[in-house]
Every structure is written in structure tokens, then in C-alpha cells.
Amino acid sequence: MTRPAVDRLDDDKTARARALDLASFIVEAPAGAGKTELLTQRVLRLLATVDHPEEVLALTFTNKAATEMRDRILGALDAAAQPAPAELPPHKALTRDWATAVLMRDAELGWGLREHPGRLRVTTLDALCAGLARQMPFLSR
């Protein structure tokens, strides 16, 4: 017996809220399900709580995905720095709320994220491993 669509939507809403908790999390969903928006919200949520933006690490499998994620985060910060539009869909409003919180944290601690986007640690798993290996040249030869 299949579950009603309303139950599945409630489950989805609950899972999306859990993904914004301050803990490690894996997001799995089919194409077009809003993963990138959710991950953008998650990174913004985490950035709003740390002392240094480098404390947040977002890993992807491809350079294209890493670039898209970085662009989404920076786009959200740029949008939050502008006057709010009259109406936003709920998921976009949540992204804007977290981006606004990050901008306040940025101003409080002087990060300059919009001027120095390289402080965002959004990279591929391969690039992370290569960077770690380069930090230990004697052991890695």
C-alpha cells in the first residue's frame, strides 16, 4: 500500500529541517529535488555559528558541483545584502534568512566573505585529499 502524498511531503519537510541541524549529514535525493538549495541552506546555517568560515567544509564529487555550490552561497549572500523582495517562496525565504545571519556574523567578526570568497571551503573529495597529501611531503614523497 502506498502512503498518501501528504505524508510523504510531511516526511520531506521533516528531513529538510533535520538536515539543518548542527551535525554531519548526507543528503540523497533524485535530480530536481532541491538538494543544492538545501545544501546551500546547510552551509549558510553552519557559517552563521562558527568563528571562522574555514571551519565549514562542503565536499562534492565534481569541480562543477563545487563551483555551483560556491556560486549559490555567494549569490545568497549578495541577495541578502539587497532589500528584500515583496514575496519569496518559503524555501528561498529560509535561504535568505540564513544568508542574512551569515552577513551579520561576517560583519561582527570581520570575515569579508563577499570580498574574499576563497575563505569558503567548498571543494571536491579529490582536492581535499590532494591538499592533505601536499601538507605531508616527507610521508607522501
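The values are calculated or read from the model by the stated rules, or taken from the named source; none is laboratory data. Just so you know, these numbers come straight off a predicted model, no measurement behind them. When we count neighbours, we look across all protein chains shown, and the Cβ atoms used for this are built from the backbone with ideal geometry, even at glycine. Each accessible area value is taken on the protein alone, full model and side chains, heavy atoms only, with ligands, DNA and RNA left out. Shrake-Rupley method; radii C 1.70, N 1.55, O 1.52, S 1.80 Å.
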Original post:
Which of the residues that make up segment 10-21 are exposed (fewer than 15 other Cβ atoms within 10 Å of the Cβ) and either at pLDDT 75 or above or outside any loop (DSSP other than H, G, I, E, B) (or both)?
Top reply: 10, 11, 12, 13, 14, 15, 17, 18
**OP:** Show the residue pairs that are 6+ apart or on different chains and have beta-carbon atoms under 8 Å apart, the first residue being within segment 10-28 and aliphatic (A, V, I, L, M), the second being modelled with pLDDT under 70.
**Re:** 27/19
**OP:** Identify, by number, the condition in (1) under 25 Å from residue 13 (Cα atoms); (2) in contact with a strand residue (DSSP E or B) (Cβ under 8 Å, 6 or more places away or on another chain) that residue 54 doesn't meet.
**Re:** (1)
Original post:
What is the number of the single condition among (1) under 23 Å from residue 18 (Cβ atoms); (2) within 15 Å of the chain's Cα centre (by Cα) that residue 89 does not meet?
Top reply: (2)
**OP:** Taking residue 7 as meeting all but one of (1) closer than 30 Å to residue 129 by Cα; (2) open to solvent by less than 70 Å² (accessible area, probe 1.4 Å); (3) acidic (Asp, Glu), write down the number of the exception.
**Re:** (1)
Subject >> Members of segment 103-118 that are under 16 Å from the mean Cα position of the chain (by Cα), surrounded by 15 or more Cβ atoms within 10 Å (Cβ to Cβ) and under 12 Å from residue 54 (Cα atoms) >> reply: 113, 117
Original post:
From 72, 96, which residue is open to solvent by 70 Å² or more (accessible area, probe 1.4 Å) and at pLDDT 95 or above?
Top reply: 72
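Going by the conditions given, is residue 39 of a type in the set (A, V, I, L, M, F, W, C) and either at pLDDT below 95 or touching a His at 6+ places or on another chain (Cβ under 8 Å) (or both)?
So residue 39 fits the description; yes.
This table checks each residue for (1) among the acidic types (Asp, Glu); (2) touching a residue at least 12 places away in the same chain (Cβ under 8 Å).
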position	(1), (2)
74	no, yes
78	yes, yes
93	no, no
107	no, no
117	no, yes
123	no, yes
Original post:
Given the residues 54, 37, which is the only one that is on the phi < 0 side of the Ramachandran plot, touching a residue at least 24 places away in the same chain (Cβ under 8 Å) and within 11 Å of the chain's Cα centre (by Cα)?
Top reply: 37
